[in-house]
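Presented below is the structure to which this report refers.
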Amino acid sequence: MRSQIERYEKLGLRESLPKIYRYPIACREIGLILREAYIQFPKNLQSIIFHDTLAAFRLLPQIQTQSAVSAVHFLLQSVEAALPKQKRNMAVKEFKLAMVAHKRRTKLHHQEEKDSFQLPHDVLVHIFSFLDMQSLVSVGLVCWSWNLAANDNHLWELQYVVLYGNAAKRELIKQVQGQNKRHLQDPIDTGTITHWKEAVNGAYTGALAKKLTTNRGYCVHCRTVVWLNNSKCPNVHSGMISEVQEIKPVTPIQVVEYVVDDSLSLASSSDSDSDSEGGPVSRLWALPRI
């Protein structure tokens, strides 16, 4: 059985902080760990968490997103609630310095944007092809040109294959071709045979939907909480990438429970074949096309 320090380090929080898309999540997890469990940990683990907190504040100026600012304010509230006076004062000082630097860099960044040029559409599509589904949806909210690129049919065809496999893709194409023949329409290019975003949306239900709306999961092979990539563990197990079914989605509070006593209350995240109205699935697919 791993120690608390080993389980905390397995979370990979410090390594995730420099990554813009993981920074807010890592900040919130550190904040929850501070609030819910800091006092329970041995001093050596407390020291590690404290230095990760300082690292999060120092990295803020490099993360030019509103979600990062919101997450770091949550972390500050946790610092003020959980840390002893001396460490709290040190952390608050780092936060204030980070906010000043962040504002300066944001102002400079806005000025650079005015003088910058837009990347060509095909370049944006190529860059976006490396994103997972949640990130692809998110970049579509940045601006009109990014929204256009993020809705490229080929990108969503790639997402469909990642989530459901080539066999499911071929079966869907056969179904659409059959419908096309029944309606006596001329054959069409298989590359544009369907709206792949709608196809992903149509199959995006139940337990899979829950897994795809979280960034964290418990891998039964690694026996630890891992960062997810399209609902899959990024680690290789016996030469194979884990399947979606081998991952249990976890909430931030379950991450804390895992660090404290190696237990996860997975009942609340049990697989289900139905989605509640207004839940994470409907919110994701409610994102508009600009």
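The values are calculated or read from the model by the stated rules, or taken from the named source; none is laboratory data. In this text, all values refer to a predicted model and were calculated from it rather than measured experimentally. We place every Cβ from the backbone using ideal geometry, glycine too, and count neighbours over all the protein chains shown. Ligands, DNA and RNA are stripped out before the accessible areas are found, and what is left, the full protein with its side chains, is counted by its heavy atoms. Shrake-Rupley method; radii C 1.70, N 1.55, O 1.52, S 1.80 Å.
Which residues, counting only those in region 78-89, are part of a helix (DSSP H, G or I) and touching a helix residue (DSSP H, G or I) at 6+ places or on another chain (Cβ under 7 Å)?
Initially, region 78-89 is screened for residues part of a helix (DSSP H, G or I), giving 78-82, 85-89.
Listed by number, the residues that qualify are Ser78, Val79, Glu80, Ala81, Ala82, Lys87, Arg88.
Report, ordered by the first and then the second residue, all pairs with beta carbons closer than 7 Å, sequence separation of six or more or different chains, a first member in region 99-116 that is modelled with pLDDT under 75, and a second member that is surrounded by 12 or more Cβ atoms within 10 Å (Cβ to Cβ).
His109/Gln64
Among (1) over 30 Å from Tyr160 (Cβ atoms); (2) assigned to a helix (DSSP H, G or I), there is one condition Val123 misses while meeting the rest; what is its number?
(1)
Residues are listed down the side, and each one gets a yes or a no for (1) open to solvent by 40 Å² or more (accessible area, probe 1.4 Å); (2) among the charged types (D, E, K, R); (3) at pLDDT 95 or above; (4) in a helix (DSSP H, G or I):
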| site | (1), (2), (3), (4) |
| --- | --- |
| Tyr21 | yes, no, no, no |
| Pro24 | no, no, no, yes |
| Cys27 | no, no, yes, yes |
| Gly31 | no, no, yes, yes |
| Tyr38 | no, no, yes, yes |
| Asn44 | yes, no, yes, yes |
| Ile48 | yes, no, yes, yes |
| Thr53 | no, no, yes, yes |
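(1) open to solvent by 60 Å² or more (accessible area, probe 1.4 Å); (2) in a helix (DSSP H, G or I); (3) out of contact with any helix residue (DSSP H, G or I) (no Cβ under 7 Å at 6 or more places or on another chain): which one isn't true of Arg58, the others all being true?
Looking at each condition in turn, Arg58 falls short on (3).
Could you identify the single residue in Leu208, Leu163 that is at pLDDT below 55, assigned to a helix (DSSP H, G or I) and surrounded by 12 or more Cβ atoms within 10 Å (Cβ to Cβ)? Walk me through how you get there before you give the answer.
Values: Leu163 fails: at pLDDT below 55.
Exactly one of Leu208, Leu163 is at pLDDT below 55, assigned to a helix (DSSP H, G or I) and surrounded by 12 or more Cβ atoms within 10 Å (Cβ to Cβ), namely Leu208.
In this structure, does Arg14 turn out to be open to solvent by 80 Å² or more (accessible area, probe 1.4 Å), under 26 Å from Ser263 (Cα atoms), touching a helix residue (DSSP H, G or I) at 6+ places or on another chain (Cβ under 6 Å) and without any contact (Cβ under 8 Å) to a residue 60 or more places away in the chain? Quick ask: steps written out before the conclusion?
On the way: open to solvent by 80 Å² or more (accessible area, probe 1.4 Å): yes; under 26 Å from Ser263 (Cα atoms): yes; touching a helix residue (DSSP H, G or I) at 6+ places or on another chain (Cβ under 6 Å): yes; without any contact (Cβ under 8 Å) to a residue 60 or more places away in the chain: yes.
Against the criterion (open to solvent by 80 Å² or more (accessible area, probe 1.4 Å), under 26 Å from Ser263 (Cα atoms), touching a helix residue (DSSP H, G or I) at 6+ places or on another chain (Cβ under 6 Å) and without any contact (Cβ under 8 Å) to a residue 60 or more places away in the chain), Arg14 qualifies.
Filter region 123-151 down to residues that are open to solvent by 40 Å² or more (accessible area, probe 1.4 Å), in contact (Cβ under 8 Å) with a residue 24 or more places away in the chain and over 20 Å from Thr65 (Cα atoms), then give me how many there are.
2
Within region 41-57, can you find the residues that are aromatic (Phe, Trp, Tyr) and in contact with a Lys or Arg (Cβ under 7 Å, 6 or more places away or on another chain)?
Phe50
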